[in-house]
Amino acid sequence: MTFLNFFISGISLGSIYAIIALGYTMVYGIAKMLNFAHGDVIMVGAYVCFYAVARYELNPFLGVVIAMIVCTILGMIVERLAYKPLRQAPSLAVLITAIGMSYFLQNTALLLWSSNPKVFPSIVGRGAFKLFDGELSISHITALTIIACLVIMAVLTLFISKTKMGKAMRACSEDKGAAQLMGINVNATISMTFAIGSGLAAVAGALLCSAYPTLMPTTGSLPGIKAFTAAVFGGIGSIPGAFLGGLMLGVIEIFAKAYISSQLSDAVVFGVLIVVLLVKPAGLLGKMTQEKV
Amino acid sequence: MKKILVCALLVLAMSATAFGAAFKIGGTGPLTGGAAIYGTAAMRGAQIAAEEINAMNIDVKFDLRYEDDTHDAEKAVNAYNALKDWGMQISLGSVTSKPAEATAAENFADRIFALTPSASSAAVTEGKDNVFQMCFVDPNQGTASAQYIGEKKLAKKVAVIWKNDDVYSKGVRDTFVENAGKHGLEIVSETAFADGNDTDFSVQLTDAKNKGAELVFLPMYYQPASLILAQAQAMGYAPKWFGIDGMDGILTMEGFDKSLAEGVMLLTPFNADAKDEKTQKFVKKYQEKFGEIPNQFAADGYDCVYAYCQALTQAKATPDMSAEDLCGKMIEQFTTMTFNGVTGDNVRWMKNGEVTKDPKGMVIKNGAYVGLD
């Protein structure tokens, strides 16, 4: 039973990684850039949601919707100001800009909301489903996160494979120049990608802080890095890969803590990552082709 | 006429050095970044003390300046150099342990006396005759906690959860584990976490629970501790909890469910609810100025400046002295004087720079700290 409980802890941690990883992988798949500011957009989303729910006492789900709107706008502004002028620049310059953006957001949050940690009110309460006479418990937030992950994954996959905008995204991902020649507005398509990615970040922020309720300006950055690892693990650019990678990372982390050493869990996690990348350089579900979405 | 003018100027110049000038006192601390809560608090505490002293009718005046080190050793040395260029005569070291280890080495090399408010790692003062601490050194907290738990017979079987990438947590944990046996404690479970995997504690808590720990010792700051308390409640584990000074602040977290911390015990030098006049005055002023209850870091910063004031007055030091002369006088004073502040009465310093004062045992009851003894 302990084993199952650890497994569930792993899944609940992993589902959080997964939902963050979805944002990373989607932006990477289409814009071919690592948006390191993603973790910090998550933090902004969590703060917006926190203020909506804790200060203005709005319905938690309304709070999430407001956070999504704010983050979507923020994502588009960031893209417009920081990334769009660098569209033709080497990818290293864009990467550095993204890191700069990440610090900028963190420090702005520090000025606005101070470094005092806040405790996030859970959007679905702190209850749990009890199974086997209470031996096994799955918290509501874990269940919600997994459902949210699956829904988002399904919607994203449908959006990208069925809609016209999705088609444009796939075209941009494959060859920006050719897509432009075919009459696709590449800039608008990439902006759209950022908008969606940032909207997802708001959801991830609300779920992350509901599960692990301390909220600080640096809240997003470390889970962001872990989620990025998860995205690479699952095959960056692949949406189901991000989901799988996130869950596996969470489970491996918990099992490493429980059965190997609580001090070495990160070493084990990254050791597994190295082994996976040696065997499958594109990640678990990544394809070695140009098309990654 | 000319002579009178020259004389007047001379008198003016002399009085400026003798009465108008102030001791340049500088410190570094994280004013931005993840640890900013500690740096900002210490700086604000020091500011209040400096303002109070400057308003008093005494010879000692302070010109206080804080530089940001973002809890980074390299930036702390840059910040220290900026302060040195400004003309710093005495130093408040750094607020957090990692940067303080770096700046303390500079203080030692430059012969600028330092009294750090809160950098508690043993390496800060080790081998340096002119670096002193206002807070307990980490190893002492571990020893004191083990002794306290043992003497008060709070538990026999103890679990320790600590943060293995943090010198503060490791320092306390090491001496706690070392001394636990002496005081009749059996450590049944010992687990760790680090930056980046400090969100999920189910494994650590399950281990402590399965091995029957009656008390869980948490040598860490309060953010991870708040998660541990919440997750323990969710899994229905209710041991006794025992924290150290880093736990202070848990009640001021916005939105924190105070019932989670009910019964948490901690050793801390400062209690914002204490009824004595000094503490009340400080807390009131801090609240008026910054809109929040001061934590232990703010109190440490406040005490540092007052301790300097006492030492400088007793040594009859003047602001025109060089940093090196002041350094010698301060070493002499700090190793002999007794100081009463908001973080404790009868505070004394040993030759190695460590402080001795009584830790206060506190327990959280109905959402407030109450003295244990």
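The values are calculated or read from the model by the stated rules, or taken from the named source; none is laboratory data. Please read these numbers as outputs of a predicted model, since none were measured by experiment. Glycine also receives a Cβ, built like all others from the backbone with ideal geometry; neighbour counts cover every protein chain displayed.
Residues that are touching a helix residue (DSSP H, G or I) at 6+ places or on another chain (Cβ under 6 Å) and over 18 Å from B:Asp200 (Cα atoms) do occur in region A:258-274, at least one of them.
For every residue, the table says whether it meets (1) buried (at least 23 other Cβ atoms within 10 Å of the Cβ); (2) modelled with pLDDT under 90; (3) outside the structural domain of B:Gly212 (by TED's automatic domain parsing); (4) not aliphatic (A, V, I, L, M).
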site	(1), (2), (3), (4)
B:Ile149	yes, yes, no, no
B:Lys152	no, yes, no, yes
B:Lys157	no, no, no, yes
B:Val167	no, yes, no, no
B:Asp174	no, no, no, yes
B:Glu178	no, no, no, yes
B:Glu190	no, no, no, yes
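Close contacts from region B:196-224, counting a first residue that is within 12 Å of chain A (Cβ to nearest Cβ) and a second that is crowded, with 23+ Cβ neighbours inside 10 Å and among the acidic types (Asp, Glu), with Cβ to Cβ under 8 Å and a gap of 6+ residues or different chains, come to B:Asn197/A:Glu253; B:Asp200/A:Glu253; B:Tyr222/B:Asp248. All conditions but one from (1) of a type outside the set (Ser, Thr, Tyr); (2) within 25 Å of B:Asp207 (Cβ to Cβ); (3) crowded, with 24+ Cβ neighbours inside 10 Å; (4) within 8 Å of another protein chain (Cβ to nearest Cβ) apply to A:Leu222; the one that does not is (3). Given the conditions (1) surrounded by fewer than 18 Cβ atoms within 10 Å (Cβ to Cβ); (2) touching a helix residue (DSSP H, G or I) at 6+ places or on another chain (Cβ under 9 Å), report the number of the one that A:Tyr83 does not fulfil. Result: A:Tyr83 fails condition (1) only.
Does region B:213-248 hold any residues that are over 25 Å from the mean Cα position of the chain (by Cα) and among the charged types (D, E, K, R), and which are they?
So the first thing to find is which residues in region B:213-248 are over 25 Å from the mean Cα position of the chain (by Cα), and the list is B:213-215, B:230-240.
B:Glu214, B:Lys240 - these are the residues of region B:213-248 that are over 25 Å from the mean Cα position of the chain (by Cα) and among the charged types (D, E, K, R).
Residue by residue, here is whether (1) within 14 Å of chain A (Cβ to nearest Cβ); (2) without any contact (Cβ under 8 Å) to a residue 12 or more places away in the chain; (3) not in a loop (DSSP other than H, G, I, E, B) holds:
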{"residue": "B:Leu260", "(1), (2), (3)": "yes, no, yes"}
{"residue": "B:Asn271", "(1), (2), (3)": "no, no, no"}
{"residue": "B:Lys275", "(1), (2), (3)": "no, yes, no"}
{"residue": "B:Gln280", "(1), (2), (3)": "no, yes, yes"}
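Being surrounded by fewer than 24 Cβ atoms within 10 Å (Cβ to Cβ) and either in a helix (DSSP H, G or I) or at positive phi (or both) is the filter here, so list the residues in region A:30-46 that pass it. Matches in region A:30-46: A:Lys32 only. One residue is enough: does region A:258-275 have a residue meeting the conditions within 27 Å of A:Met68 (Cβ to Cβ) and aliphatic (A, V, I, L, M)? Scanning region A:258-275 turns up no residue that is within 27 Å of A:Met68 (Cβ to Cβ) and aliphatic (A, V, I, L, M). With respect to (1) of a type outside the set (S, T, N, Q); (2) within 14 Å of chain B (Cβ to nearest Cβ); (3) within 24 Å of A:Val53 (Cα to Cα); (4) assigned to a helix (DSSP H, G or I), the lone exception for A:Ile196 is condition (2).
Scan region B:348-368 and report the pairs whose first residue is among the aromatic types (Phe, Trp, Tyr) and whose second residue is modelled with pLDDT of 80 or more and in a loop (DSSP other than H, G, I, E, B), with Cβ atoms within less than 7 Å and a gap of 6+ or a chain change. What qualifies is B:Trp349/B:Thr335.
The set of residues in region A:237-260 that are closer than 17 Å to B:Ser202 by Cα and either small (Gly, Ala, Ser) or touching a His at 6+ places or on another chain (Cβ under 7 Å) (or both) comprises A:Gly250, A:Ala256, A:Ala258.
Of the residues B:Ile244, B:Ile250, the single one that is more than 14 Å from chain A (Cβ to nearest Cβ) and among the β-branched types (Val, Ile, Thr) is B:Ile244.
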